[in-house]
Amino acid sequence: MSGLFRGRALLREDGLRSGYDVVVIGGGGHGLAIAYYLARNHGVRRVGVFERSYIGAGGSGRNTTVLRANYKTAQTVPFFKASYDLYRTLSQELDFNLLFSKRGLLWLAHSEASLRLQRERALLNQALGVDTVFVEPDEIRKLCPQLDLTGGGSRPVLGAAQHPPGAIVRHDAVVWGYAQGAQRLGVHVHQGVEVTGVTVEHGRCTGVETSQGPVSAGAVVCAVGGWVSTVAAMAGLRLPIVTHPLQAFVTEPVAPVLDRIVASADLLVYVSQSARGELLAGAEIERYSSYSTRSTWTFLSEASSRCIDLFPFMARLRILRQWTGVCDMTPDYSPLMGTTELDRFYLNAGWGTWGFKATPIAGVTMAELVATGRVPPLIEPFRLDRFCDDRAVSERASAGTH
Ligand SMILES: Cc1cc2nc3c(=O)[nH]c(=O)nc-3n(C[C@H](O)[C@H](O)[C@H](O)COP(=O)(O)OP(=O)(O)OC[C@H]3O[C@@H](n4cnc5c(N)ncnc54)[C@H](O)[C@@H]3O)c2cc1C
């Protein structure tokens, strides 16, 4: 509730129009970025963003804020690199301090299989202009002396892919920056208004039903994160997406102790230190599918134990808080972006555990698609029908839940 009031205080309250050129469903970072770039890059200013709760209530306000471009396919690396490049100057662009902090990311391997994977990652990244290098344990010791290279005595670190650009950025600042930027350009951001239906006339999407009545639209973009299957169903679409919960926790704040992001491919855990001094940790998705954001003791005990295997000093820290978000997981761990079989109904989905870092480039490319009708080459590989013609973009090795 406090978030709702915070949102209302800082954002202009716009009256609901009976129609918009573009309706964006979902006031997460993606929906707001799409609205912002529609107005900024294409002059489409009659845009309405509909958020059923408060902006950033979904994954955009619950993620662990990691930015990186060290993916593992020729399609995803340029896409995430373009997003990272936009992030670097986004504070100036939005006139909003996003606390962008370049840390460097170490992706540890504790087995022969993941050692091979991290070597391949470094080579592919270099070929595509992304700074990732393979490092041996001696080098890792110098880069991160706090790390227990024995992995708690049972999972010795054999090597790592080091990605110097790895960064963190304040997640709710990204949401607020885009929301305010979009409003300055004339976009309407409606909080507390739920989309309850999608209007279809003669095979074409012509608007939405909302908790405050019908709204007509020239185009509708669905950007609702983990809830995409429910909204797509309103448009008669069935998607290859299953929603899973993903949890994270922070410790009490301490003096600066960890200056980089450390992820383990085998222990499935990652740790960074926030600007406030908290040690922030995430792990893998829950195996069960659910829309529940209830946090569990099982997660906390298992993930914290794996953190202590990497960083023994964490055993002395108290847990401050844990939370949960929901993730729209695709079969190949890559996004689903573009047109759908319903004319004028666009999809920006499949952001799973990896979508926060893609917020700016998803905004730019989806806005271009909606405004011009042309599919930007960067997102062509992520089209919905790729599974029909055997063109999956397999990224399981990079999703890594951050
Ligand atoms: C614990 C955790 C850690 C993560 N860590 C990282 C990370 O380090 N790096 C990274 O890149 N990604 C990470 N992610 C993934 C990332 O958070 C998401 O992929 C991203 O935030 C998705 O943004 P979005 O704008 O698409 O969706 P969301 O931020 O989820 O926004 C969707 C919005 O749609 C609204 N909505 C839903 N249904 C309706 C409706 N019917 N009408 C109106 N509004 C509706 C919701 O209320 C919500 O606010 C993490 C996720 C979690 C949960």
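Values for this structure:
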{"item": "Residue 70 polar (S, T, N, Q), more than 11 Å from the ligand (Cβ to nearest atom), modelled with pLDDT of 95 or more and open to solvent by less than 10 Å² (accessible area, probe 1.4 Å)", "result": "yes"}
{"item": "Only one of 115, 123, 105 that is in contact with a strand residue (DSSP E or B) (Cβ under 7 Å, 6 or more places away or on another chain) and without any contact (Cβ under 8 Å) to a residue 60 or more places away in the chain", "result": "115"}
{"item": "Residues within the range 355-375 that are without any contact (Cβ under 8 Å) to a residue 40 or more places away in the chain and either over 22 Å from residue 60 (Cβ atoms) or of a type in the set (Lys, Arg) (or both), tallied", "result": "3"}
{"item": "Qualifying residue in the range 295-309 (condition: closer than 24 Å to residue 358 by Cα and modelled with pLDDT of 95 or more)", "result": "no"}
{"item": "Residue 257 being in a loop (DSSP other than H, G, I, E, B) and either at pLDDT 95 or above or on the phi > 0 side of the Ramachandran plot (or both)", "result": "yes"}
{"item": "Residues within the range 95-122 that are assigned to a helix (DSSP H, G or I) and surrounded by 14 or more Cβ atoms within 10 Å (Cβ to Cβ), tallied", "result": "8"}
{"item": "Residue count for the range 260-289, restricted to those that are in a loop (DSSP other than H, G, I, E, B) and under 30 Å from residue 113 (Cβ atoms)", "result": "11"}
{"item": "One residue from 246, 300, 237 being outside any loop (DSSP other than H, G, I, E, B), of a type in the set (A, V, I, L, M, F, W, C) and either open to solvent by 40 Å² or more (accessible area, probe 1.4 Å) or out of contact with any Cys (no Cβ under 7 Å at 6 or more places or on another chain) (or both)", "result": "300"}
{"item": "Unmet requirement for residue 252, which otherwise passes all of (1) more than 30 Å from residue 140 (Cβ to Cβ); (2) surrounded by fewer than 20 Cβ atoms within 10 Å (Cβ to Cβ); (3) touching a residue at least 40 places away in the same chain (Cβ under 8 Å); (4) not aliphatic (A, V, I, L, M)", "result": "(1)"}
{"item": "Some residue of the range 220-229 being in a helix (DSSP H, G or I) and open to solvent by less than 10 Å² (accessible area, probe 1.4 Å)", "result": "yes"}
{"item": "Number of positions in the range 38-52 that are open to solvent by 10 Å² or more (accessible area, probe 1.4 Å) and either not in a loop (DSSP other than H, G, I, E, B) or not small (Gly, Ala, Ser) (or both)", "result": "8"}
{"item": "Among the residues listed as 371, 397, 367, the single one being modelled with pLDDT under 95, at negative phi and open to solvent by less than 60 Å² (accessible area, probe 1.4 Å)", "result": "397"}
{"item": "Extreme residue, nearest to residue 213 (Cα to Cα), among residues of the range 178-197 that are surrounded by 24 or more Cβ atoms within 10 Å (Cβ to Cβ) and more than 10 Å from the ligand (Cβ to nearest atom)", "result": "189"}
{"item": "Boolean, residue 86 is within 19 Å of residue 181 (Cβ to Cβ) and either away from the ligand (no atom under 14 Å from the Cβ) or not in a loop (DSSP other than H, G, I, E, B) (or both)", "result": "yes"}
{"item": "Residue 134 open to solvent by 40 Å² or more (accessible area, probe 1.4 Å), over 24 Å from the mean Cα position of the chain (by Cα) and at pLDDT 95 or above", "result": "yes"}
{"item": "Positions within the range 45-91 being among the basic types (Lys, Arg) and touching a residue at least 60 places away in the same chain (Cβ under 8 Å), in sequence order", "result": "45, 46, 52, 62, 68, 72"}
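The values are calculated or read from the model by the stated rules, or taken from the named source; none is laboratory data. The model shown is predicted, which means the values in this text are computed figures rather than measured ones. Cβ atoms come from the backbone with ideal geometry, glycine included; neighbour counts cover every protein chain shown. Only protein heavy atoms, including side chains, enter the accessible area calculation; ligands, DNA and RNA are left aside. Shrake-Rupley method; radii C 1.70, N 1.55, O 1.52, S 1.80 Å.
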